[in-house]
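The structure appears right after this line, and notes come after that.
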């Protein structure tokens with residue numbers, strides 16, 4: 001069964017991601033529909049590869065226009081770990097283990113990267129990328145957001161992303177920057 | 001370009017795995033050819049899913065009969081981490097980080113699992129599975145083998161798999177058990 005309509009769909013299992021994206025695109029008068037389907041994704045160290053594999057899976061069952069996205073957290077002192085496997089590592093090890101791996105490490109630099117594909121029709125899609133640099137905190141702080149937010153302090157801030165409400169996080173975060181670009185693009189192109 | 005011939009091919013990037021498998025199948029008079037091609041694999045917590053995705057990728061470019069394999073190391077106290085991402089985690093974090101995550105942990109239980117698919121022709125493939133239970137050592141020991149061998153002590157042994165030569169490791173290891181089954185199957189079926 002294919003889905004039809006005049007909204008943009010966001011294919012993700014993660015309701016937090018949907019809510020963040022929905023707020024941002026809402027400011028562009030774009031209605032985002034949540035499609036909580038699992039889609040196959042390949043193993044690769046490159047978010048772009050994974051996103052393209054999600055496009056290929058999703059196009060079989062979801063009508064364009066739709067968005068797929070993938071996020072990685074790259075910690076410099078850990079050679080980029082957990083990288084694209086951030087959600088797997090979060091589920092298996094959790095944040096205390098990440099702090100433990102870094103407990104004697106002075107270099108706390110890290111980078112969150114979100115890559116998204118906007119699938120406009122079955123032949124055209126466009127890739128967007130949002131990044132935020134920052135540091136891994138020495139302890140968990142804050143209860144908002146999700147995932148690694150309690151240990152990630154964006155550059156220029158003294159609080160973690162879990163100490164920000166959704167509006168503030170969206171202004172600074174990788175995903176906020178990604179969906180702002182998508183909103184600008186859609187608004188400029190009058191695609192929806 | 002497709003590859004033809006009357007040997008069995010092993011599609012893997014890992015020369016250590018090829019040598020182990022070649023020794024075992026050699027005892028069944030099966031000649032194993034190394035095909036060091038990268039093949040796409042999906043993200044999944046199930047080795048079987050990953051192996052099937054490798055079959056789908058490899059069948060496009062390699063003539064049967066061929067074998068694809070995937071291995072995971074599942075550490076009980078880490079909820080199964082690193083699991084199917086063992087090689088990624090090895091490359092990014094290395095063994096000292098695994099020992100650090102377990103430094104105050106008394107439960108050292110772990111399990112190595114190898115799953116392989118023998119692709120007989122473009123319509124038929126068969127899945128095999130080899131397992132070995134054991135413990136994570138408190139320090140690295142031995143210089144043979146590869147990957148996690150220096151920290152894995154098989155049940156019933158007091159040395160790590162890196163303290164065993166290839167013949168001894170093959171008798172006890174997950175991959176040894178996997179390829180012994182494949183050898184028995186191929187010999188019994190007179191497929192090669």
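No value in this document is a laboratory result; all are computed from the given coordinates. Source: prediction; values computed, not measured. Virtual Cβ from ideal backbone geometry, glycine too; neighbours counted across all protein chains shown.
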Note the angle between two axes, namely the Cα long axis of helix B:15-26 and the longest principal axis of the Cα atoms of chain B, as a number of degrees from 0 to 90, rounded to the nearest 10. 60
With contacts defined as alpha carbon pairs under 8 Å and 6 or more residues apart, what's the relative contact order of chain A in percent? 20
Can you compute the FRET efficiency between residue A:63 and residue A:28 using 1/(1 + (r/R0)^6), with r the Cβ-Cβ distance and R0 = 22 Å? Round to the nearest 0.05. 0.60
Looking at the protein assembly as shown, what % of its DSSP beta bridges pair antiparallel, to the nearest 5? 80
Per GNM of chain B with C-alpha springs under 10 angstrom, the most fluctuating residue out of B:70, B:49, B:158 is B:158
Tilt, helix A:174-189 to longest principal axis of chain A (alpha-carbon atoms), in degrees rounded to tens, equals 20
Across A:66, A:128, A:146, the residue with the highest GNM fluctuation in chain A (Cα network, 10 Å cutoff) is A:146
So how far, in whole Å, is the C-alpha centre of region B:65-104 from the one of region B:117-192? 15
Using Cα springs under 10 Å in a Gaussian network model of chain B, which residue among B:156, B:83, B:94 shows the largest mean-square fluctuation? B:156
Taking the Cα atoms only, what angle lies between the long axis of helix A:47-58 and the longest principal axis of chain A, rounded to 10 degrees? 40
With T = 10 °C, eta = 1.306 mPa s and Kirkwood Rh from C-alpha pairs, the Stokes-Einstein D of region A:8-189 in µm²/s is about 95
Restricting to DSSP H runs of at least four residues, report the calculated mean residue ellipticity at 222 nm for chain B, -39500 (n - 2.57) per run over all residues, nearest 500 deg cm²/dmol. -9500 deg cm²/dmol
